[in-house]
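So the structure is just underneath, and the comments pick up after that.
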Amino acid sequence: MLDKINDLLEEVKEFDAKTIEEAEAFRIKMLSKKGTIPALFQDFKSVAPEERKEVGKKLNELKQAASEKVNTVKKRIAAAEDSRKTAGDKPDMTIPANFDPIGSRHPLSVIRNRINSIFQRIGFVISEGPEIEDDWHNFSALNFPEEHPARDMQDTFFVNKNPDIALRTHTSSVQVRVMETQQPPIRTISPGRVFRNEAISARAHCIFHQVEGLYIDEKVSFADMKQTLLFFAREMFGEQTDIRLRPSFFPFTEPSAEMDVSCSLCGSKGCTVCKYSGWIEIMGCGMVDPNVLENCGIDSKKYSGYAFGMGIERIAMISYQINDLRMFFENDLRFLKQFESASPH
Ligand code: PHE
């Protein structure tokens, strides 16, 4: 008897129907008074007492499975018929709307917004400028000598030669435009896309994003810059973050420095992210070269200022521990979906 019940259970499991009539026929066959299952209940009387418990249980299971199956199949067919009827009729306003799934911020936008808001909170305003720039705003005003290698075809995508028009290689160009049109005090940051003719790899791309900053007023000192950048680093990477400035060179700043932050992943003990040095380089900075101020019509005897610039990709890679920069540009949803819960603005 057990075998028979098991076979029937299998049959119930496999059963499906296309019409209500088919489903009803199955119900009659299995569950009506003269159907297979009630007949088994009749036979149950002759089951040996020691087997009754097990067989009884199975039998009830079968009865339940059969009536559930008939019900779900009937319901499904009825619902399908309903919607077919209304579709041919007028639109059914009660059908729940099919909402488009809501997207999420790109990780670079999340990080850019965080950087922006840290500086906005201390009085910096956002300025933007064109991605296609002339030589003056991208290079000459910034004190790049004629023969400076950064002007070379290798680094710069030229749109036109003579006059030189190029895709901007940094957003310092925006700051030249600000200095040309405003008098100090100036506190501005310029986030934006920049372009360099570099081979694409895990660490470099020909398109990337920067946030550059500029602060000009009377008596602005290197110490002011250091304090502001320390504030930024702690807001961005956490309270316990330290910074370190190493001497460097940029044509538009003097003195110039490169800024490192202490590695928050290993607490400066040394790990793969900081390459066992305890420090991670995140930006260039320095005091604006007086030549640059003069080029832009600002009195360098009266005013001084500092500037800084960082790559958003780099900050995002550190913040999210991403080790391949190309991920940001591939738009692979499996990657992007991981940032759904990141800061909303
Ligand atoms: N413009 C520099 C770059 O793109 C960064 C920088 C900005 C350095 C301001 C110093 C001061 O690499």
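Laboratory data are not the source of any read-out in this text; all were calculated from the coordinates shown. Keep in mind the model is a prediction, meaning the values are calculated, not measured. Reconstructed Cβ throughout: ideal geometry from the backbone, glycine too, with neighbour counts over all protein chains shown.
Less than 5 angstrom separates the built amide H of residue 270 from those of 278, all sequence-distant by 5 or more or on a different chain.
Which helices pass in the chain if a helix is a full DSSP H run, must span at least 20 angstrom along its long axis by Cα, and must have mean Kyte-Doolittle hydropathy not below 0.0? The answer, listed by residue number, is 222-237.
On full extension, the segment bounded by residue 131 and residue 104 gains 7.2 nm, given 0.36 nm per residue less the C-alpha separation.
Amide H contacts for residue 165 (H built 1.01 Å from N in the peptide plane; partners 5 or more residues away or on another chain; cut-off under 5 Å): 159, 160.
Tally the DSSP beta bridges in the stretch 107-339 and give the antiparallel ones as a percent, rounded to 5. Mind showing how you got there, number by number?
Numbers: 43 of 45 bridges.
Roughly 95 percent of the DSSP beta bridges within the stretch 107-339 come out antiparallel.
Quick one: which residues, 5 or more positions from residue 126 or on another chain, have an amide H under 5 Å from its amide H? H modelled 1.01 Å from N in the peptide plane, none for Pro or chain starts. Hits under the 5 Å cutoff: 189. Cys residues of the chain that find no other Cys beta carbon under 4.7 Å: 206, 285, 296. Helices in the chain, meaning DSSP H runs of at least 4 residues, each add -39500 (n - 2.57). Divided by all residues, the mean residue ellipticity at 222 nm is -12500 deg cm²/dmol.
Would you calculate the volume per residue, in Å³, of the smallest convex hull containing every Cα atom of the chain?
On the way: hull volume 93.1 nm³, N = 345.
Dividing the Cα hull volume of the chain by its residues yields 270 Å³.
The slack in the chain from residue 294 to residue 226, taken as 0.36 nm per residue of separation less the alpha-carbon distance, amounts to 22.1 nm.
Sorted on the mean count of surrounding Cβ atoms within 10 Å across their residues, most packed first, peptides 325-333, 247-255, 186-194 read 186-194, 247-255, 325-333.
Sparsely packed loop sites in the stretch 223-277 (the trypsin sites (Lys or Arg not before Pro) outside DSSP H, G, I, E and B with at most 12 other Cβ atoms within 10 Å) comprise 269, 275.
Of 13/34; 53/74; 45/69; 13/45; 4/75; 18/58, which ones are farther than 23 Å apart at the Cα? Too far apart for the 23 Å limit: 53/74; 45/69; 13/45; 4/75; 18/58.
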